[in-house]
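Let me begin by presenting the structure, written as structure tokens, before commenting on it.
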Amino acid sequence: MGTLPFFVYVSAFLLLPTGIVAIGALFDANNAFTLENYAHLSRSFVVKSTIDTTVVSAITAVLGAVLGSLLAYAIATGNPNGVLRRVSISASGVLAQFGGVTLAFAFIASIGPAGFVYLFAQSHGFDFYAHGIWLFEPIQGLSLVYLYFQIPLMVLVFLPALDGIKPQWREAAESLGGSTWHYWRYVAGPILFPAFLGGTLLLFANAFSAYATANALINQGAPMLAQQISNAISSEVGAAEPGFAKAIAVQMIVIVTLVTILYSLLQRRTSRWL
Amino acid sequence: MAVARRGVHRTRWIRLQVFRYAAFLFAAIFFLVPIGAMLEFSTRSNSGARTLEYWKSIVTFPDLIGTVGAPGQATGIVASLELALITSVVMLVLLVPTMVWVRLKLKRLNRIVEFICLLPLTIPAIVLVVGLFPMYIWLGSNFSDSILTLALAYVVLVLPYCYRTLDSGLGAIDVKTLSEAARSLGARWEQVMWRVIAPNISNAILNATLLSVALVLGEYTIANNLLYNNLQVELVHLGRTNAGVSIAVAVASLLFAFVLLIAISFVGGRPRRARPEAATKLGAGPVQGSAG
Amino acid sequence: MKLGNLWRHLALAVVAVFVVAACGSSNGSGSSSCSESTAKTATSVTACGGLDALIAAAKSEGRLNVIALPRDWANYGAILDKFTATYGIPITSDNPDGSSQDEVNAVQQLSTTSRAPDVLDVGIAVALANVNLFAPYKVSTWGDILDSQKEATGLWFEDYGGFMSVGYDSSKVPTITSFDDLLGSAFKGKVALNGDPTKANAALNGVMMANLAEGGSLDDISKGVDFFHRLKQAGNFTPVQATTATVKNGTTPVVLDWDYLSAAHGTDVPTWKVFVPNNAILGGYYAQAINKNAPHPAAARLWEEFLYSNTGQNLWLAGLARPVRQAAMQKDGSIDAAAAAKLPPVNGTPKFLSDAQATAAKNYLVAHWLTAIS
């Protein structure tokens, strides 16, 4: 079986650690069996955090996918050997993995309350923080900052699909009397949609588990689930609950699994009527 | 997608160029302004004047470059570069044949492989490392304690990104026809992979490699919690000197990765004609004039 | 027969000479009787054959692993460099941003590897909760440490500390003379804690300082949480993680932090000032401990000896932290007077959180912090 090496490797380095985490959530600090860790998932701040994380991930996934695919289209329609293409994909590669304290600072230094963009706008009468500093709110601020790595990620992931579009298909559609709309709706769209949807799913999972950027921007109150996990693991004031951290992780896996199932159903549906 | 000017209406071409310029303009503003802010900050001295002192102090930091095999383990840039190389190679060797196989013969496994390749992204690194501890203890006592064992975990981390990229690429070519044609001409499976499939998805392979190199160079949490000092951990050390250095170091890290990725993009991704004679003999079809 | 007896006696004599010589050397007059196995259980430097034997053993081990010691924290950069320069032992410094809990996690998870930390520098709460991971050791200056600042058998012992303070950039906000100044309109969006109080020790103590300044007591942190609620309502509390970069850039010009950590911002911001409220002098010390399963036990013990020597203590003082032997060193004149003069002035009796009070504070915060600052 050609797939054996893959499954063996993945079992050792992914499924096994995941299993260790999932089962670890069933034991407390004294290694006694307990369902408390899972029961604690109903704590109100965990529920709120779950909702906020899901919303931010969904927003940045969809927006990132749309904007990313548009940018990818702009790149794909250019010279395939050109400097612009090389620079764009290299920059996308770097920015897709850029995050954490420094990404947060990059935004703080530009549009933060002491950032030059804000101060410039303010001096010209436009105070965009007049109703509160939205940069430090999970839904508005984090979403904007997350787009910084979501869009390049979509570019890299979607570009190969765009590269597969042949100009002959456009010509064929035109010669049959089709307009631009017809071309996209009946020819290119259906071919690109699976890759587009897959990219959106990837972006969702990417934002869902992101930690360092959120922690640098909103260090109080752990609004994102990954921050809740970090608190439960690294708290040095006695609030450390490693079992609970694992339970939250399992919950995250469950949520992404549900979203994946949704995605899979959507793929099957759209492949039928697209 | 080389849009030839011949045969495309002029208005459509103009509209396309307007769209492209607008897209690149907005992208440039959105992506370059924050980096510009960091550059400005890293060249601002305490008194507000422009200075290069923080940038200069980066090169004087001894542990940054790191050496191979020095006191038992490599650190810094050298370690991260080696890790990037190993991770990319192992990832490609593991993923490409598997994905092709699933497309050709094991369609039922498709969703499973897809899900497995998304799993690493659902678990935050700080928790994944908890699950990795026992494996690394075992590795350390039975095989090697070296920082290069991190590559084993990194391959898992890059799976989601590389799977999705390669999947886009494989979806754009007719894997079935290509491989059947090559097989019917007597090619062994390794030849099919290496000389037929791979050249046709060279862009996807390149993008996947870029993503995995960028990830390895930027990875912090797992290396840090396993008490290894890779590039990012050394940068955190260095950044604790003062504020200006911490940002200069971050921008330098981005520039370093950027230059490296551009270099890699010259190695792969050059346009190839559809070389497999088998495919051309089948006549005009989607595989003709394959994308560069 | 007589000759045989003579040979036997001679042989015995020769053996006796060797035995006496061997015994003599193991009675420690500088030769290395501190092997790895004895170093692992040595509870003091004499048990390991004296300082020279310890140094020799540490050198042969060849390395020291430390964790969570950023270079700009209480002058640790200079301390690490001085140790390596004095003894020629390279130091591997891991996880610079780690919390005390992360240190303990690393010891627990990686204790069988050669990368495990040899020594820890942790908050008292974490030290008390994890004594089963430590090896007892009494440094040679043990007597200078007060009983209340150490565990009786040497499992942990305090090293340095400071007072909770309000550090601020005097060019961006007006001079702070009382704690309530922070509620004023000049501080809109500018006040930050060093971390989340349910996670970070410095942040919990920051809230406790606010609590004391608002008339609360060590047993009940509710007034402190209420203060931050009011701070948030006034729009003055910013949730951004305060780093040297955000301080210099002006996003977090006011940070509640330990005075020795706050003082580090002075290198980036020449107008940085440190304010300790007179009615809320909250002190906190950190503690040293040696990993029971340290991969380099002799080096670990040598490190402790170094830290508690006059050199080590004065280096901490240079980082504006108060070394635990400060009182004793002031008495016998070995203190670095110039560095001591630079410490932020403190007028009044400091208070310290007991373990029970810290736990009560934590419980209250876990239950109420999020709603207070939302």
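Here A:63, A:70 are screened, and the one residue that is open to solvent by 10 Å² or more (accessible area, probe 1.4 Å), modelled with pLDDT of 95 or more and facing another protein chain (nearest Cβ under 8 Å) is A:70.
Here residue C:223 fulfils each of the conditions (1) open to solvent by 10 Å² or more (accessible area, probe 1.4 Å); (2) touching a residue at least 24 places away in the same chain (Cβ under 8 Å); (3) farther than 30 Å from residue B:38 by Cβ apart from (2). Of A:117, A:101, A:56, A:46, all but one fail to be modelled with pLDDT under 95, open to solvent by less than 10 Å² (accessible area, probe 1.4 Å) and under 24 Å from residue A:207 (Cβ atoms); the exception is A:46. Here the condition is being small (Gly, Ala, Ser), surrounded by fewer than 24 Cβ atoms within 10 Å (Cβ to Cβ) and under 15 Å from the mean Cα position of the chain (by Cα); of B:182, B:187, B:151, it holds for B:151 alone.
Residues considered: B:231, B:238, B:254. Of these, the only one that is more than 11 Å from chain A (Cβ to nearest Cβ), out of contact with any Ser or Thr (no Cβ under 6 Å at 6 or more places or on another chain), open to solvent by less than 40 Å² (accessible area, probe 1.4 Å) and under 30 Å from residue C:66 (Cβ atoms) is B:238.
Cβ-Cβ distances below 7 Å connect no pair with a first residue in region A:73-102 that is more than 7 Å from every other protein chain (Cβ to nearest Cβ) and free of Cβ contacts under 8 Å to residues at least 60 places away in the same chain, a second residue that is of a type in the set (Gly, Ala, Ser) and surrounded by 22 or more Cβ atoms within 10 Å (Cβ to Cβ), and a separation of six or more residues or different chains. Checking every residue in region A:50-57 against the condition of being within 30 Å of residue A:192 (Cβ to Cβ), within 20 Å of the chain's Cα centre (by Cα) and more than 14 Å from chain B (Cβ to nearest Cβ) gives at least one match.
Counting the residues of region C:100-114 that are of a type outside the set (A, V, I, L, M, F, W, C), in contact with a strand residue (DSSP E or B) (Cβ under 9 Å, 6 or more places away or on another chain) and facing another protein chain (nearest Cβ under 7 Å) gives 4. The set of residues from region C:262-280 being open to solvent by 10 Å² or more (accessible area, probe 1.4 Å) and away from chain B (no Cβ under 14 Å) comprises C:273, C:274, C:275, C:276, C:278, C:279. For region C:74-91, filtering for residues that are out of contact with any Leu (no Cβ under 7 Å at 6 or more places or on another chain) and open to solvent by 30 Å² or more (accessible area, probe 1.4 Å) leaves 6.
Here B:234, B:219, B:190 are screened, and the one residue that is of a type outside the set (A, V, I, L, M, F, W, C) and either at positive phi or touching an Asp or Glu at 6+ places or on another chain (Cβ under 6 Å) (or both) is B:234.
Every residue, every condition in (1) at the interface with another protein chain (Cβ under 7 Å from one of its Cβ atoms); (2) of a type in the set (Asp, Glu); (3) assigned to a loop (DSSP other than H, G, I, E, B), yes or no:
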| residue | (1), (2), (3) |
| --- | --- |
| C:71 | yes, no, yes |
| C:83 | no, no, no |
| C:98 | no, no, yes |
| C:116 | no, no, yes |
| C:120 | no, no, no |
| C:125 | yes, no, no |
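Table: residues versus (1) surrounded by fewer than 23 Cβ atoms within 10 Å (Cβ to Cβ); (2) under 19 Å from the mean Cα position of the chain (by Cα).
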| residue | (1), (2) |
| --- | --- |
| C:293 | yes, no |
| C:300 | no, yes |
| C:327 | yes, yes |
| C:338 | yes, no |
| C:351 | yes, yes |
| C:356 | yes, no |
| C:360 | yes, no |
| C:365 | no, no |
| C:368 | yes, no |
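In region B:131-147, is there at least one residue being more than 9 Å from every other protein chain (Cβ to nearest Cβ) and touching a residue at least 60 places away in the same chain (Cβ under 8 Å)? Yes: region B:131-147 contains one or more residues that are more than 9 Å from every other protein chain (Cβ to nearest Cβ) and touching a residue at least 60 places away in the same chain (Cβ under 8 Å).
For (1) farther than 21 Å from residue A:63 by Cβ; (2) more than 14 Å from chain C (Cβ to nearest Cβ), each residue gets a yes or a no:
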position: A:120; (1), (2): yes, yes
position: A:128; (1), (2): no, no
position: A:135; (1), (2): no, no
position: A:139; (1), (2): no, no
position: A:149; (1), (2): no, yes
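Checking C:173, C:166 one by one, the residue that is farther than 30 Å from residue C:140 by Cα, assigned to a loop (DSSP other than H, G, I, E, B) and either in contact (Cβ under 8 Å) with a residue 60 or more places away in the chain or out of contact with any Leu (no Cβ under 6 Å at 6 or more places or on another chain) (or both) is C:173 and no other. Of the set (1) crowded, with 24+ Cβ neighbours inside 10 Å; (2) facing another protein chain (nearest Cβ under 7 Å), all apply to residue B:205 but (2). Determine whether region B:41-50 contains at least one residue that is assigned to a helix (DSSP H, G or I) and within 16 Å of residue A:115 (Cα to Cα). Yes, because at least one residue in region B:41-50 is assigned to a helix (DSSP H, G or I) and within 16 Å of residue A:115 (Cα to Cα).
The values are calculated or read from the model by the stated rules, or taken from the named source; none is laboratory data. The structure displayed is predicted, hence computed values, not measured ones. No Cβ is skipped: glycine too gets one built from the backbone with ideal geometry, and neighbour counts run over all protein chains shown. Calculation scope for accessible area: heavy atoms of the full protein, side chains included, ligands and nucleic acids excluded. Shrake-Rupley method; radii C 1.70, N 1.55, O 1.52, S 1.80 Å.
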